[in-house]
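Engineer: Take a look at this one; I'll ask things after.
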Amino acid sequence: MKKIVYMDAAASWLKQQPVIESEVDFLANSYANSGRGVCERATLVDKKIADIRNIVADFIGTNAANIVFTFGTTDALNRIVSIIKNTPLAWGNKPVVAVSDLDHHSARLPWEALASRGMCSITVCPLDKDFNIDINQIPKCDIFVITAMSNVLGLAQDVENIIRIARTHNPNIITIVDAAQYVVHSKVDVAKMGCDFLCFSGHKIGADTGVGIMYIRNPDRFNPDKFGGGMVNRVLGLGDFIWNQSPDKYEAGTLPLTQIMGLPSAIKCLSDWQKKKINLIHFMYDELSNIPKIKILTRPDAAVLSFVVQDMHVLDFGVMIGARDICLRVGNMCASWIHKKLNVDGSIRISVGPWNTMDDAKYVVETIRKMVK
Ligand SMILES: Cc1ncc(COP(=O)(O)O)c(C=O)c1O
C-alpha cells in the first residue's frame, strides 16, 4: 500500500489494530443481534453491549442509563432537536435557542431549519476577542447549543462555567454540548459540566463510523424521538403503549453492533495517546509561523493547526499537497460561521493522531515550505 502522511485526524481517525481486531472477532466468532434473542450467543452479545455501555459511561463520568448509542454526532444533534420537539416543555412551542459562531453545521443547522419554519427563534452568543464563547455575554435562552471545541480553532471552551452562567439566567435551560472534537483532547466529565445532552462520534476517537454517543442527563424528562423494536415495554391498544426505561427508550431498532464492539479498544488507545503524545502541532506551528506567506489562524496551544496561504486557494493547496502524499483537510470544515468571523472563505487544517511521528511533522513542514516559497 502507498505510504501517505495522514494528518486529518480531526476529520476521522485511522483505525488502530485493536479496534479492527475487536470488530473482526465479533463478526467472525460471536455475531448475533442484541436485545432480541434468548439463546446463549444472543445473551452474550447483550452482556457485551452492557459492559461497553458501562465503559463509555465511565469514560465521560456518568451511568449506563444515561448513555444512548447513536449513529454519530450529526445523528445525535438532529435527534436531540426531535426529542425536545416531541416533549411538551415549559416554554410552549417557541423556544429561544442560543448558538455560536464556533458551531459545526450539524450543531446549528437543525435549529436554523426549525427557526425557518417559525418553530424557534435563534440568538447568537457573542465570541470574545480570542474567539472563545464570551462568558460575559451569555444570552438568556431556553436551549443553548455549546460547541465544546471548534473543529477549526481547536480550543477547549470552559463548558462548565458557560453552563453555570446560562443556568443563572434560566434554571430550566436545556444545554446541548457538541463534544465531537473536545472529547479527543480533553477529559469529559458530564457531571462537572452539568449539561443536559452531550454527543460525540466513534470514528473521531478511533472507533468505526456509524456509531456515536448521546448522553442524556435526565432521560425521564423527555419523550423518545424514534419508535420501533426494543423501545416498547407493552402495547396496550391503538396508540396506547408504554416505552422502556432509558437507554432502551431511545434505542429503537437494531444498534450498530459491530461498531460498538470497537469502542473499548478505541477508548483505551485514545487514553494511552493522551498520556504520552508529543506536541507535533506546537512544533509545526513554530515552523510554519516563520513562512511569510502563511497566516496561522490558531493558537500554538490549540489541538489543531489551521492556516491560509497568501494568493493560494485552499482547495488548490489541498490538491497540491495531496499529490505529495500528504492528507490534510481544506475548505470550510462544515463551519461556515467561524470562517466568516475570521474573514476567510476556508482554511487548511492539520490534525494529528497516534500514528503521526516527528518525521511526519518535519516532512509536512518542509513540503509546505517548498510549495509556498
Ligand atoms: C465539532 C464537530 N461537530 C460535529 C461534527 C459532525 O460529526 P459527524 O460527521 O461524525 O457526525 C464534526 C465533524 O467534523 C465536528 O468537528
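Engineer: R0 = 25 Å: FRET efficiency of residue 293 with residue 137, Cβ-based, nearest 0.05?
Structural biologist: Given R0 = 25 Å and the Cβ-Cβ separation, E is 0.10.
Engineer: Would you kindly state how much longer the chain becomes between residue 17 and residue 189 on full extension, computed as 0.36 nm times their sequence separation minus their alpha carbon distance, in nm to one decimal?
Structural biologist: Stretched fully, the residue 17-residue 189 segment lengthens by 59.2 nm.
Engineer: In the chain, what percent of the accessible surface is made up of carbon and sulfur (1.4 Å probe, ligands and nucleic acids excluded)?
Structural biologist: It is 53 percent, rounded to a whole number.
Engineer: A further question follows. How far is helix 358-372 tilted off the main Cα axis of the chain, in degrees rounded to 10, range 0 to 90?
Structural biologist: Roughly 60 degrees, rounded to the nearest 10.
Engineer: Which value in nm describes the separation of the simple spin-label points at residue 115 and residue 130, placed 7 Å from the Cα toward the beta carbon?
Structural biologist: 2.7
Engineer: Would you mind classifying the chain by shape? Square roots of the alpha carbon gyration tensor eigenvalues, ordered a ≥ b ≥ c; an a/c under 1.5 is rounded, otherwise it is prolate if a/b is larger than b/c and oblate if not.
Structural biologist: oblate
Engineer: Would you mind calculating the relative contact order of region 61-163 from Cα pairs under 8 angstrom and at least 6 residues apart, reporting the percent as a whole number?
Structural biologist: After rounding, I find 27 percent.
Engineer: Toward the positive end of the charge dipole of region 39-151, about the Cα centre and with charges on Cβ (Lys, Arg +1; Asp, Glu -1), which of 95, 144, 107 goes farthest?
Structural biologist: Sorting the options by dipole projection puts first 95.
Engineer: What percent does the relative contact order of region 50-110 come to when contacts are Cα pairs within less than 8 Å and at least six residues apart?
Structural biologist: Rounded, it is 31 percent for region 50-110.
Engineer: Give me the angle, in degrees from 0 to 90, between the Cα long axis of helix 17-29 and the longest principal axis of the Cα atoms of the chain, rounded to the nearest 10.
Structural biologist: 40
Engineer: Further, regarding this structure: Using only Cα atoms, find the angle between the long axis of helix 73-85 and the longest principal axis of the chain, and express it within 0 to 90 degrees, rounded to the nearest 10.
Structural biologist: With rounding to tens, the tilt is 40 degrees.
Engineer: Which of 28, 179, 65 moves the most in a Gaussian network model of the chain with Cα springs under 10 Å?
Structural biologist: 28
Engineer: Next question. Can you list the aspartates and glutamates whose alpha carbon sits under 16 Å from that of residue 192, skipping same-chain ones fewer than 8 residues off?
Structural biologist: List returned: 58, 158, 160, 178.
Engineer: Still on this structure, I have one more. In percent, how large is the relative contact order of region 324-373, given Cα pairs closer than 8 Å and 6 or more residues apart?
Structural biologist: Taking the mean separation of contacting Cα pairs over the length of region 324-373, I get 35 percent.
Engineer: Kindly report the accessible area of the chain per residue (heavy atoms of protein chains, probe 1.4 Å, no ligands, DNA or RNA), in Å².
Structural biologist: Each residue of the chain exposes 44 Å² on average to a 1.4 Å probe.
Engineer: Moving to a separate point now. Filter 48/85; 249/341; 268/341; 2/277; 204/226 down to the pairs with a C-alpha to C-alpha distance above 31 Å, please.
Structural biologist: From the list (48/85; 249/341; 268/341; 2/277; 204/226), the Cα-Cα distance tops 31 Å for 48/85; 249/341; 268/341.
The values are calculated or read from the model by the stated rules, or taken from the named source; none is laboratory data. Every value quoted in this text rests on a predicted model; they were computed, and no experiment measured them. Don't worry about glycine lacking a Cβ; one is built from the backbone with ideal geometry, like all the others, and counts go over all protein chains shown. Note: areas computed on protein heavy atoms with side chains; ligands, DNA, RNA excluded. Shrake-Rupley method; radii C 1.70, N 1.55, O 1.52, S 1.80 Å.
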